[in-house]
Amino acid sequence: MIWLIKFAMCTMMPRTDALPGIADTDLDGFLRKMQKESDPVYWIGLVLGALVFALTPLVTIGVPLPAFFLPKGLLERHAERILAHRVYILRQPALLVRLSAGMCWGADSAVRAHFNLPPYGPDPGTFRTT
């Protein structure tokens, strides 16, 4: 399911002229680490959020296709609309995916350099739930 989470994250946080996108970070490494270290309920929520994102274009833009079959313009519109949808149960899972993407993006040294911030040091490994 990592490929589906990665697809949703890359769609929600694309590269712009001014900033790198989530695809420019070590997203695969981040997701593998998150799967290993996060609480199982959080990981299940992330997977469900990616599934909601993939299966709701009919609700958001009226197109009966999964998100990964949409052309770029419709995919962008779907991403905007799912994140601002008036139905909480559709919006919240997608926001969990975007929140997780933001954690990866904000910790990336290239992104931090754009904001004149020093890179994070190595993980001290002092806080673990397992």
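The numbers here are math on the coordinates, done by the rules we state, and not lab data. The model shown is predicted, which means the values in this text are computed figures rather than measured ones. In this analysis, Cβ positions are derived from the backbone assuming ideal geometry, glycine residues included, and neighbour counts consider all displayed protein chains.
Against the chain, whose longest principal axis is taken from its Cα atoms, helix 88-107 shows a tilt of about 30°.
When the charge dipole of segment 25-130 is built from unit charges on Cβ atoms (+1 for Lys and Arg, -1 for Asp and Glu) and taken about the Cα centre, the candidate among Leu65, Tyr120, Val41 whose Cα reaches farthest toward its positive end is Leu65. Taking label points 7 Å from Cα along the Cα-to-Cβ direction, Asp17 and Val87 give a separation of 3.7 nm. Per-peptide packing, taken as the mean over residues of other Cβ atoms within 10 Å, places 67-79, 1-13 in the sequence 1-13, 67-79 from highest down.
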